[in-house]
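Quick notes on the structure that follows.
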Amino acid sequence: MEWGMANRMAQLIQSDGHCLFLPVDHGYFQGPTRKLEEPRKTLEPLLPYADAVFITRGVLRSSVDPGKAKPIILRVSGGASMVGKDLANEGITTSMEEAIRLNVAAVGISVFVGTDYEKESLLNLAKLVDDGERYGIPVMAVTAVGKELEKRDARYLSLASRIAAELGARVVKTYWCENFEKVTKGCPVPVVMAGGPKVDTQRQVFDFVYDGMQKGAVGVNLGRNIWQDEYPVAMIKALRAVIHNNATPKEAEEIYNSEKSGKKK
Ligand code: 5RP
């Protein structure tokens with residue numbers, strides 16, 4: 001691996017081999033998502049605990065101080081919306097030249113395997129990889145399911161993740177699922193887990209993140225279950241402990257409760 005690519009990968013995946021990416025890119029198709037209406041307010045308290053931030057160029061420029069930024073994974077796909085015809089109908093929205101100008105650590109793009117736009121989204125990924133490799137910029141592929149959340153099983157996610165890796169993604173972002181080892185074993189590049197819509201309890205999040213880490217994930221790219229939580233800083237600190245210190249779900253829950261009540265350990 002050339003120096004620039006290796007350096008960028010090291011900015012993303014920490015020296016322990018693990019990572020906590022904080023995505024705040026949801027507005028690119030959802031508009032002002034709950035608790036992300038003012039991205040700067042959401043982001044600022046969480047930034048110290050994130051290893052990298054997944055974000056569009058518009059929110060990066062408007063809401064992140066360039067002097068205090070974390071490594072950036074720039075969301076470069078889009079062109080569809082929640083109220084449009086098909087969320088899978090995405091194109092590349094941001095050039096590699098712009099990514100370089102913004103000094104990003106990686107770029108991220110969604111692929112929509114099994115949809116009417118499968119081919120377009122996969123060819124977009126392949127093109128982005130060609131451009132990224134030319135300049136030493138890793139591509140993170142997002143195995144997107146749009147509104148079809150029920151697609152998130154090991155059979156589908158292992159298929160989509162493997163295809164993304166075959167096309168040259170350096171990191172694959174997918175969802176946790178039962179039998180998650182099938183996804184990680186079949187994917188020859190690092191896998192990070194997204195959270196999806198907010199779940200009912202913090203413990204559910206700690207449980208699936210812990211399980212996924214035991215089964216080969218290198219970390220998370222987890223948004224709503226952090227910043228839509230009532231105590232987002234407590235949540236991200238507890239998740240950091242699972243990811244970087246191998247804390248169990250029970251220990252993570254204790255950290256969350258302690259941070260929440262202000263009695264820091
Ligand atoms: C949205 C994304 C998000 O980055 C991804 O879904 C992770 O966020 P969450 O944990 O909220 O699902 O790709 O477009």
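Per-structure values
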| read-out | value |
| --- | --- |
| Yes/no for ILE243 being surrounded by 22 or more Cβ atoms within 10 Å (Cβ to Cβ), in a helix (DSSP H, G or I), touching a His at 6+ places or on another chain (Cβ under 9 Å) and at pLDDT 95 or above | yes |
| Within region 246-265, considering residues that are hydroxyl-bearing (Ser, Thr, Tyr) and under 23 Å from the mean Cα position of the chain (by Cα), the one surrounded by the fewest Cβ atoms within 10 Å (Cβ to Cβ) | THR248 |
| Inter-residue pairs, beta-carbon under 8 Å, first without any contact (Cβ under 8 Å) to a residue 12 or more places away in the chain and in region 180-204, second surrounded by 14 or more Cβ atoms within 10 Å (Cβ to Cβ) and charged (D, E, K, R), 6+ apart | none |
| Hey, LEU157 under 15 Å from CYS19 (Cα atoms), among the hydrophobic types (A, V, I, L, M, F, W, C) and crowded, with 23+ Cβ neighbours inside 10 Å or not | no |
| Search result, residues across region 101-119 that are among the polar types (S, T, N, Q), in a loop (DSSP other than H, G, I, E, B) and closer than 30 Å to PRO66 by Cα | ASN103 |
| Some residue of region 216-230 being farther than 23 Å from SER261 by Cβ, within 12 Å of the ligand (Cβ to nearest atom) and aromatic (Phe, Trp, Tyr) | no |
| Hits in region 224-234 - residues which are within 18 Å of PRO249 (Cβ to Cβ) and not in a helix (DSSP H, G or I) | ASP229, TYR231 |
| When residues of region 197-215 are limited to those that are among the hydrophobic types (A, V, I, L, M, F, W, C) and within 13 Å of the ligand (Cβ to nearest atom), the one nearest to the chain's Cα centre (by Cα) | VAL209 |
| Residue list for region 82-106, filter: within 19 Å of the chain's Cα centre (by Cα) and within 13 Å of the ligand (Cβ to nearest atom) | LEU87, ALA88, GLU90, THR93, ALA106 |
| Residue tally, condition within 16 Å of the ligand (Cβ to nearest atom), farther than 14 Å from PHE54 by Cα and of a type in the set (Val, Ile, Thr), over region 129-146 | 2 |
| Qualifying residue in region 32-41 (condition: in contact with a helix residue (DSSP H, G or I) (Cβ under 8 Å, 6 or more places away or on another chain), under 29 Å from TYR210 (Cβ atoms) and more than 12 Å from the ligand (Cβ to nearest atom)) | yes |
| Hits in region 176-196 - residues which are in contact with a helix residue (DSSP H, G or I) (Cβ under 6 Å, 6 or more places away or on another chain) and within 15 Å of the ligand (Cβ to nearest atom) | TRP176, CYS177, VAL191, MET193, GLY195 |
| Pairs where the first residue, in region 16-36, is modelled with pLDDT of 95 or more and of a type in the set (Lys, Arg) and the second is in a loop (DSSP other than H, G, I, E, B) and within 9 Å of the ligand (Cβ to nearest atom), C-beta under 8 Å, 6+ apart | ARG34/GLN228; LYS35/GLN228 |
| Any hit, region 2-9, residues being within 27 Å of LEU159 (Cα to Cα), small (Gly, Ala, Ser) and within 16 Å of the chain's Cα centre (by Cα) | no |
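The values are calculated or read from the model by the stated rules, or taken from the named source; none is laboratory data. A quick note: this is a predicted structure, and the numbers were derived from the prediction, not measured. When we count neighbours, we look across all protein chains shown, and the Cβ atoms used for this are built from the backbone with ideal geometry, even at glycine.
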